[in-house]
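J.: Here it is, the structure in full.
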Amino acid sequence: MTRDSVRYEITLRRAEVDGVSVFYREAGDPRRPTILLLHGFPSSSHQFRDLMPRLADRYHLVAPDLPGFGFTTAPLNFDYTFAGLSRTLGAFVDALGLKRYALYIFDYGAPVGLRLALERPEAISAIVSQNGNAYEEGLSEGWGPTRAFWADPSSAHREVMRGMLTLETTQWQYTHGAPQDALLAPEAYWLDAALMARPGNDEIQLALIADYASNIALYPRFHAYFRDRQPPLLAVWGAKDPFFRPEGARAFRRDLPKAEVHLLEAGHFALETHARAIAGLMVDFLSRHGGG
């Protein structure tokens, strides 16, 4: 039996923290180095279903669903801002007793994870950024309508943003830029769309879209953290991402000269088509920088 054919169990769990019931997936031996995997919009920990078994023989993997996503449940008065998501993540990490870990950051998971790194830099052993942007030059022209919404949150611009929440748009995010011969699992984008269609979830997502500008305002602090702490960083990027350009991956080298950058022939959801390649890059990188 080859190493790649061995399958490792993913356990589904819940943690009650800060008034939130956090659903998360866990795999691997907790005595091994930990990787905290943070999903993006509009997905959940489900996006790591193919990656986690490929790493579980070497690492302890923890992938929570952020409030407003997946199967995590939060009270009606939850603070649906990126600061609020980061506070809950910090409480979650504390509840699990995680003291030191590598971060895997993707899309929304990037500003959430980097806010956590600002608060507890000593906890971060390494960072893997898969289309997890932290630089202005990484933002594509596709952010134009969102920038217009930030500048003028009128009902007209709000309705444009509501179009981001449809099944058609979600499917497009998965398929755009993916290899033409790739067989994308349709349950991934159907699950995302179904969860977003729950009553009230549209308002949660619109609130987070409106607050995303606060992440860009933090970019200088993220850059200062990189310069001051020099965390080992692997940027593995779907080069055909319609939202986060390859320039965002290369920009890490400005503050982290030793950052390792790999551009893949993939789209935004690179794990859907390149889980094996990303796992291989992570094992090589983390074996040198993050244990294992």
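The values are calculated or read from the model by the stated rules, or taken from the named source; none is laboratory data. Since we're looking at a predicted model, the values are computed, not measured. As a convention, Cβ positions derive from the backbone with ideal geometry for all residues, glycine included, and neighbour counts pool all protein chains shown.
J.: Within 14 Å of the chain's Cα centre (by Cα) and of a type in the set (S, T, Y): does that describe S21?
T.: So S21 fails the test.
J.: Between D18, D79, D57, which is out of contact with any Gly (no Cβ under 7 Å at 6 or more places or on another chain) and without any contact (Cβ under 8 Å) to a residue 12 or more places away in the chain?
T.: Residue meeting the stated conditions: D79.
J.: If R227 passes every condition in (1) more than 21 Å from H176 (Cβ to Cβ); (2) buried (at least 20 other Cβ atoms within 10 Å of the Cβ); (3) not acidic (D, E) but one, which one does it miss?
T.: Every condition holds for R227 apart from (2).
J.: Next question, about the same structure. Of all residues in the stretch 86-96 being in contact (Cβ under 8 Å) with a residue 40 or more places away in the chain and touching a helix residue (DSSP H, G or I) at 6+ places or on another chain (Cβ under 8 Å), which is surrounded by the most Cβ atoms within 10 Å (Cβ to Cβ)?
T.: L89
J.: Scan A277, A188 and give me the residue that is in contact with a His (Cβ under 9 Å, 6 or more places away or on another chain), closer than 19 Å to H39 by Cα, surrounded by fewer than 17 Cβ atoms within 10 Å (Cβ to Cβ) and of a type in the set (A, V, I, L, M, F, W, C).
T.: A277
J.: Restricting to the stretch 209-223, and then to whatever is touching a residue at least 24 places away in the same chain (Cβ under 8 Å) and of a type in the set (A, V, I, L, M, F, W, C), can you tell me which residue is surrounded by the fewest Cβ atoms within 10 Å (Cβ to Cβ)?
T.: A213
J.: Just one of (1) of a type outside the set (S, T, N, Q); (2) under 20 Å from the mean Cα position of the chain (by Cα); (3) outside any helix (DSSP H, G or I) trips up D181, so point out which.
T.: Evaluating D181 over (1) of a type outside the set (S, T, N, Q); (2) under 20 Å from the mean Cα position of the chain (by Cα); (3) outside any helix (DSSP H, G or I) leaves (2) as the failure.
J.: Take the conditions crowded, with 24+ Cβ neighbours inside 10 Å and charged (D, E, K, R) and apply them to D107. Does it pass?
T.: So D107 passes the test.
J.: Of the residues V22, V62, V17, only one is surrounded by fewer than 22 Cβ atoms within 10 Å (Cβ to Cβ) and β-branched (V, I, T); which?
T.: Sole residue among the options that is surrounded by fewer than 22 Cβ atoms within 10 Å (Cβ to Cβ) and β-branched (V, I, T): V17.
J.: Taking the condition of being in contact with an Asp or Glu (Cβ under 9 Å, 6 or more places away or on another chain) and surrounded by fewer than 16 Cβ atoms within 10 Å (Cβ to Cβ), how many residues in the stretch 254-267 meet it?
T.: Count: 0.
J.: Report yes if some residue within the stretch 215-233 is farther than 30 Å from M282 by Cα, modelled with pLDDT of 95 or more and not hydroxyl-bearing (S, T, Y); otherwise report no.
T.: Within the stretch 215-233, none of the residues are farther than 30 Å from M282 by Cα, modelled with pLDDT of 95 or more and not hydroxyl-bearing (S, T, Y).
J.: If you take the residues of the stretch 47-87 that are touching a strand residue (DSSP E or B) at 6+ places or on another chain (Cβ under 9 Å) and charged (D, E, K, R), which of them is farthest from E272 (Cα to Cα)?
T.: If we filter the stretch 47-87 for residues that are touching a strand residue (DSSP E or B) at 6+ places or on another chain (Cβ under 9 Å), which is where we start, we get 47-49, 51-53, 55-56, 59-67, 70-75, 78.
After this cut, where a residue has to be charged (D, E, K, R) as well, the list is 49, 65.
Values: R49: 10, D65: 18 Å.
Step by step, filter the stretch 47-87, then rank; the result is D65.
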